[in-house]
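Heads up: the structure comes next, in structure tokens.
The values are calculated or read from the model by the stated rules, or taken from the named source; none is laboratory data. Values in this document were obtained by computation on a predicted structure and should not be read as measured data. Cβ: placed from backbone, ideal geometry, glycine included. Neighbour counts: every protein chain shown. Remember, those area values only see protein heavy atoms, side chains included, never the ligands or the DNA or RNA. Shrake-Rupley method; radii C 1.70, N 1.55, O 1.52, S 1.80 Å.
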Amino acid sequence: MNEYIQLLQSRKELLVKLKQKSLKRLGNLKYKGQPRYHIRVYSDKDQIYIRVPGNNEEQYLKSSKRQVAADIASYDYLKGIVKRIDAELKHVNWLLKTGAKQLPEDYYESLSKGRQKLIDPIWHTDEQFVYSWLSKPYIGKGFEEEDSEFYTDKNERVRSKSEILIANALGKHNVPYKYECPIILKGMGKIHPDFTALNVKRRKIYYWEHLGKLDDPDYARKNVFRINTYEKNGIFHGENLITTWETSTLPLDVKLVDELINHYLLE
């Protein structure tokens with residue numbers, strides 16, 4: 001709710017600034033809208049014709065008079081901008097005054113608890129949405145007997161110390177996530193991203209791959225193919241795919257992990 005109000009207020013402030021800027025530029029124009037000239041521009045020929053009020057015949061405007069056309073065009077443009085700003089401000093002010101009292105998605109929460117139990121809401125609260133998302137069962141990749149054992153603060157088994165750091169950072173920031181939840185990629189079939197994380201604010205899913213042995217040529221080759229396959233399936237790095245890297249001499253940057261979480265999963 002507060003976020004919605006802030007967005008409306010920010011939009012209103014921007015519109016007011018744009019209107020002030022437009023009015024200032026209008027005031028600086030030599031042409032003030034009278035007489036009401038009409039110009040016609042041939043962009044491909046770089047030719048401009050002007051029609052004087054009361055005269056249906058158009059006159060070719062010489063290049064030396066282009067500033068006249070620029071003033072007329074600028075006047076029309078700025079008047080159009082102000083008209084549209086005023087129209088939008090009218091709607092924004094109305095929303096701030098009336099529509100912001102209760103958003104449709106907040107209506108369910110305003111009902112009594114007893115009534116809520118009888119209803120399957122159209123829009124779930126963040127808590128309901130997260131619970132539903134986390135409750136969906138999945139089968140992870142599993143571990144072999146010879147695999148090393150690493151456990152997060154939640155006592156969840158992962159494959160490396162770096163994955164412990166990532167999982168604990170997600171937990172610290174209360175970011176819902178699933179470890180090695182399978183997805184299907186065309187060109188690879190079923191794969192298990194290291195982490196599937198949820199940006200609750202945007203209700204958007206991100207896949208997080210940690211590439212921990214990039215100085216191993218075979219490992220690097222396989223994972224370059226893996227990342228390329230993500231992108232061929234519409235999962236783009238920096239858009240809904242997060243990656244972290246390390247080598248034997250360049251360990252995982254824990255501060256960077258926090259920054260990635262803040263940027264992608266909390267904003």
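Return yes or no: is V68 open to solvent by 50 Å² or more (accessible area, probe 1.4 Å), outside any loop (DSSP other than H, G, I, E, B) and in contact (Cβ under 8 Å) with a residue 12 or more places away in the chain?
yes
I need the full set of residues from segment 36-46 which are touching a residue at least 12 places away in the same chain (Cβ under 8 Å) and open to solvent by 60 Å² or more (accessible area, probe 1.4 Å), in order please. Don't jump to the end; show me each part of the working.
Within segment 36-46, the subset touching a residue at least 12 places away in the same chain (Cβ under 8 Å) is 36-41.
Within segment 36-46, R36, Y37, H38, R40, V41 qualify.
Rundown of residues vs (1) under 22 Å from I261 (Cα atoms); (2) touching a His at 6+ places or on another chain (Cβ under 9 Å), yes/no style:
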site	(1), (2)
K141	no, yes
N155	yes, no
S160	yes, yes
Y177	yes, no
D218	no, no
V224	no, no
K232	no, no
L241	yes, no
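For L23, are the conditions met, namely being open to solvent by 60 Å² or more (accessible area, probe 1.4 Å), at pLDDT 85 or above and farther than 30 Å from D126 by Cβ?
Numbers: open to solvent by 60 Å² or more (accessible area, probe 1.4 Å): yes; at pLDDT 85 or above: yes; farther than 30 Å from D126 by Cβ: yes.
In short, yes.
Residues are listed down the side, and each one gets a yes or a no for (1) free of Cβ contacts under 8 Å to residues at least 40 places away in the same chain; (2) surrounded by 10 or more Cβ atoms within 10 Å (Cβ to Cβ):
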| residue | (1), (2) |
| --- | --- |
| P137 | yes, no |
| E146 | yes, no |
| F150 | yes, yes |
| E163 | no, yes |
| A167 | yes, yes |
| L170 | no, yes |
| K178 | no, yes |
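Can you confirm whether segment 233-246 contains a residue that is in a helix (DSSP H, G or I), of a type in the set (F, W, Y), free of Cβ contacts under 8 Å to residues at least 60 places away in the same chain and surrounded by fewer than 13 Cβ atoms within 10 Å (Cβ to Cβ)?
Here is the first cut: in segment 233-246, the residues in a helix (DSSP H, G or I) are none.
No - not one qualifying residue is present in segment 233-246.
Of E127, E145, E88, which residue is at pLDDT 95 or above and of a type in the set (D, E)?
Working: E127 fails: at pLDDT 95 or above; E145 fails: at pLDDT 95 or above.
Criteria check complete, one pass: E88.
Looking only at segment 71-100, how many residues end up being over 29 Å from the mean Cα position of the chain (by Cα), among the hydrophobic types (A, V, I, L, M, F, W, C) and open to solvent by less than 40 Å² (accessible area, probe 1.4 Å)?
2
Go over the candidates R226, R221 one by one and state the one that is surrounded by 14 or more Cβ atoms within 10 Å (Cβ to Cβ), at pLDDT 95 or above and in a helix (DSSP H, G or I). Can you show your working first?
Numbers: R221 fails: surrounded by 14 or more Cβ atoms within 10 Å (Cβ to Cβ).
None of the other options fit; the residue is R226.
List pairs: first residue in segment 110-123 and without any contact (Cβ under 8 Å) to a residue 24 or more places away in the chain, second residue assigned to a loop (DSSP other than H, G, I, E, B) anywhere in the structure, Cβ distance under 7 angstrom, at least six positions apart or on different chains.
From residues that are without any contact (Cβ under 8 Å) to a residue 24 or more places away in the chain, the pairs are S110/Q102.
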